[in-house]
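Below is one structure, written out as structure tokens; the observations come after it.
Bear in mind that the values in this text are calculations on the coordinates, not laboratory data. Note that this is a predicted model, so its numbers are computed, not measured. Note that each Cβ is placed from the backbone with ideal geometry, even for glycine, and that neighbours are counted across all protein chains shown.
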Amino acid sequence: MAARVAAPAPAGASPVTINPATGTLPTKSETLHSAITRPYTNRPDRLNGKVFFTSGGNDYVCSGTVVNSNNQDMVDTAGHCVSDGAGNFHTNWVFVPAYSSGASGCTTRASCYPYGKWTPRVLTTTVEWHLRANLSQDLGYAVLKARGGRHIVGYLGGQGTAFNESRVQTWRDFGYPEEAPYNGYDQRMCTSGRLADDDPSTGPGPLTIGIRCSQTSGSSGGGWLIRVSAVSGLGYVNSHTSYKDAEGPSADPSRTFGPYHGDEALKLYNFANSL
């Protein structure tokens with residue numbers, strides 16, 4: 001597995017849209033539900049997954065979303081889900097689409113990883129996150145290895161991605177929250193409009209966006225989708241879960257922030273898509 005960082009993005013604000021892809025896996029239903037229920041085999045559920053990795057000798061979990069790309073191999077996630085922000089990429093990195101479990105653990109392959117475990121050939125993030133832990137650019141893409149001769153997008157499909165869109169949106173935020181009152185076994189979703197913008201860093205990058213969502217640690221990197229079709233279950237990743245205000249007078253566990261998908265995110269996407 002390789003690990004790379006992308007150079008800073010040039011200035012600009014032109015909207016860019018990458019269309020979603022359906023994949024070749026047949027399904028019986030592609031209905032967008034207000035509450036996610038097992039099995040996670042329809043879209044968008046099967047395009048969301050749980051991330052496992054090791055950092056500093058400890059094991060952690062995050063979330064991620066399969067996105068369409070020319071290389072057919074990309075997962076959108078947070079920068080802190082691929083790198084520690086101090087110049088070190090994570091190890092033992094694994095993506096499990098449609099992960100499903102219970103308190104007793106995964107008793108069968110179908111109940112835990114129905115579409116397999118996918119490892120990366122490259123992890124990517126921005127210089128600002130990788131070296132400086134700049135939350136304004138908490139952006140990451142994993143470029144996965146093919147598995148059994150299949151590329152993940154060609155097999156499962158992939159969400160589109162939208163860059164430099166209006167900040168006024170309604171997002172569906174998917175993830176696998178791990179801390180109480182959640183347990184990490186279930187895929188969850190929040191639906192919210194924009195509450196506020198935030199400036200979490202003195203470094204360069206756009207203001208982050210706040211939404212109403214109480215998902216806890218483990219949901220980091222889970223995609224925020226816009227314009228999700230109720231027929232196909234496909235839409236466009238426009239941010240992902242990054243952080244909360246956990247302490248101080250502004251602390252609010254029901255509010256979650258994600259990076260604006262502007263030129264910095266587009267530059268990283270193009271970089272990962274070229275690998």
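Values as computed for the structure displayed
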item	result
Leading residue at positive end of dipole, the chain (Cβ point charges), from 201, 142, 24	24
Lys pairs under 25 Å by Cα in the chain, provided they are eight or more residues apart or on distinct chains	8
Mean Cβ neighbour count within 10 Å, used as a protection proxy, ranking 63-73, 196-206, 215-225, 114-124 highest first	215-225, 63-73, 114-124, 196-206
Given charges at beta-carbon only (K, R positive; D, E negative), |dipole| of the chain in Debye	1040
Along the chain, longest interval not containing exposed GluC sites (Glu not before Pro), exposed being DSSP loop plus at most 13 other Cβ atoms within 10 Å	1-178
For region 166-249: rounded, prolate or oblate by the Cα gyration tensor [a/c cutoff 1.5]	oblate
Pairwise FRET efficiency - residue 86 versus residue 186, Cβ, R0 = 35 Å, nearest 0.05	0.65
Most mobile of 57, 233, 160 in a GNM of the chain (Cα contacts under 10 Å)	57
For the chain: span of alpha carbons on each principal axis (Å, largest first)	47, 41, 40
Protection proxy ranking, peptides 250-258, 75-83, average beta carbon neighbours within 10 Å, highest first	75-83, 250-258
